[in-house]
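Engineer: Next up is a structure, given as structure tokens.
The values are calculated or read from the model by the stated rules, or taken from the named source; none is laboratory data. Model, not experiment: these values are computed from the prediction. All Cβ positions, even for glycine, are placed from backbone atoms using ideal geometry, and neighbour counts span all protein chains on display.
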Amino acid sequence: MSRVRILTVLGTRPEIVKLSPLLPLLDREFRQLVVHTGQHYDENMDRIFFRELRLRAPDRFLEAGSGGQGGQTARMLERLEPIATRFRPEWALVLGDTNSTLAGALVAAKLRVRVVHVEAGCRSFNRAMPEELNRILVDHVADLLFAPDAEAVRHLRAEGIRGAKVRLVGNTGLDAARRTMHLASGARLRWYAVKPKRYALATIHRAENTDDPVRCARLMEALGRIARRLPVLFPAHPRTRNVLRQHGLRLAPGVRVLDPLGNLDFMALMQRAMFVLSDSGGIQEEAAVVNTPCLILREETEWTRLVDAGKNFLVGTRPTAIGRVADRLLDSPAFRARVAARKAPLNFGASRRILRILQKAA
């Protein structure tokens with residue numbers, strides 16, 4: 001086995017999911033140290049994700065916790081640096097656009113460790129989003145950038161990042177979704193008392209949507225309007241529930257608030273929903289993999305190719321616009337069939353492409 005050392009830093013459930021096809025491959029070929037920052041840490045939920053995805057436990061936990069952007073990132077930097085110094089990796093691998101991604105990349109760059117950025121080049125062009133700042137900063141310190149699509153490559157080139165360090169590989173999240181969709185039995189729907197294609201599934205977590213009382217109220221109103229016609233299952237993180245209480249927002253009776261779900265439960269529900277409403281980047285792609293329409297609750301998206309292909313719908317945050325697309329899906333079986341028949345531009349196999357490139361680079 002190669003003794004090349006790779007430090008992999010993750011900290012949120014989407015990162016666990018998207019890295020799930022790659023982590024075992026890296027374990028087989030390299031000496032990998034997996035560090036969990038604790039950005040989204042809940043002991044029970046994280047154990048479920050690692051168990052359901054058949055992953056080994058991380059080697060280190062930073063327990064950075066929540067809090068402000070600066071404080072949370074600072075705790076990660078302070079706690080990660082001595083681990084990286086002792087491990088002395090040749091590579092540090094991060095994914096996406098979280099504070100964990102930024103902390104892992106900055107610590108590595110300061111220690112002159114080569115940085116690998118998976119899901120590089122994604123842009124919303126909205127710098128009010130912390131995620132946009134994170135991904136830009138990480139791309140500009142990275143030594144090897146794995147882009148999910150041609151559009152991401154164009155963004156990197158436009159920012160002066162060119163040459164062999166940029167590689168078009170696809171998205172590991174697609175590999176993860178295709179793998180887990182076959183493990184997510186439809187029998188799980190009985191636990192939630194719903195039938196296939198007779199409910200909607202919603203997730204809302206981004207600070208831009210939850211921390212703005214006006215925008216948050218509009219989104220809850222939109223869910224309530226849909227719930228008059230179709231049950232809406234709404235898995236909500238405790239932080240989201242606290243925000244709703246702080247804003248004094250009450251949900252309509254047809255909106256069923258659920259505790260955070262394990263990956264297999266969520267995949268089973270998403271696979272069989274009439275449609276999904278979400279502000280999550282990962283869910284936009286996962287919905288396309290399982291061929292469920294996704295209404296994107298944002299004003300912009302990094303995954304424009306799925307909107308252009310007619311698989312997803314960029315509806316914003318206003319109830320009227322959201323309701324217009326939801327009503328069309330509800331009222332027209334022919335429209336739902338046309339959406340289902342459209343081909344999604346999905347590039348599978350990213351995990352093995354990344355492994356091959358790292359083997360050659362090592």
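Engineer: Among the residues of segment 306-320, what is the count of those that are crowded, with 21+ Cβ neighbours inside 10 Å and assigned to a helix (DSSP H, G or I)?
Structural biologist: 1
Engineer: Taking the criterion of being in the same structural domain as Phe335 (by TED's automatic domain parsing), surrounded by fewer than 19 Cβ atoms within 10 Å (Cβ to Cβ), under 23 Å from Asp327 (Cα atoms) and among the β-branched types (Val, Ile, Thr), would at least one residue in segment 255-273 satisfy it?
Structural biologist: Yes.
Engineer: Of these, Arg245, Arg179, Arg239, which one is in the same structural domain as Gly316 (by TED's automatic domain parsing), surrounded by fewer than 23 Cβ atoms within 10 Å (Cβ to Cβ), in a helix (DSSP H, G or I) and touching a Ser or Thr at 6+ places or on another chain (Cβ under 9 Å)? Before the answer, list the steps.
Structural biologist: Details: Arg245 fails: touching a Ser or Thr at 6+ places or on another chain (Cβ under 9 Å); Arg179 fails: in the same structural domain as Gly316 (by TED's automatic domain parsing).
Only one candidate passes the filter, namely Arg239.
Engineer: Okay, next question. Which one is farthest from Phe87 (Cα to Cα) among residues in segment 111-169 that are part of a helix (DSSP H, G or I) and among the acidic types (Asp, Glu)? Step through it out loud before you land on a result.
Structural biologist: Taking segment 111-169 as the starting set, the residues that turn out to be part of a helix (DSSP H, G or I) are 130-141, 150-158, 163-165.
Now drop any that are not among the acidic types (Asp, Glu), which leaves 131-132, 139, 151.
Details: Glu131: 28, Glu132: 30, Asp139: 23, Glu151: 35 Å.
So the residue we want is Glu151.
Engineer: Need the failing condition index for Val289 against (1) touching a strand residue (DSSP E or B) at 6+ places or on another chain (Cβ under 6 Å); (2) under 18 Å from Lys18 (Cα atoms), just the number.
Structural biologist: All conditions pass for Val289, except number (1).
Engineer: Also, quick follow-up: Name the residues in segment 188-229 that are free of Cβ contacts under 8 Å to residues at least 24 places away in the same chain and either assigned to a helix (DSSP H, G or I) or among the charged types (D, E, K, R) (or both), would you?
Structural biologist: Going residue by residue through segment 188-229, those that are free of Cβ contacts under 8 Å to residues at least 24 places away in the same chain are 190, 193, 195, 212, 214.
Listed by number, the residues that qualify are Arg190, Lys195, Asp212, Val214.
Engineer: All but one of (1) free of Cβ contacts under 8 Å to residues at least 24 places away in the same chain; (2) in a loop (DSSP other than H, G, I, E, B) hold for Arg86; which doesn't?
Structural biologist: (2)
Engineer: Count, please, the residues in segment 185-203 that happen to be hydrophobic (A, V, I, L, M, F, W, C) and surrounded by fewer than 22 Cβ atoms within 10 Å (Cβ to Cβ).
Structural biologist: Taking segment 185-203 as the starting set, the residues that turn out to be hydrophobic (A, V, I, L, M, F, W, C) are 187, 189, 191, 193-194, 200-202.
Okay, now just the ones that are also surrounded by fewer than 22 Cβ atoms within 10 Å (Cβ to Cβ), so 187, 189, 191, 193-194.
The qualifying residues number 5.
Engineer: Pick from segment 19-45 the residues that are modelled with pLDDT of 95 or more and in a helix (DSSP H, G or I): which of them is nearest to Val138 (Cα to Cα)?
Structural biologist: Residue satisfying both the conditions and the ranking: Leu19.
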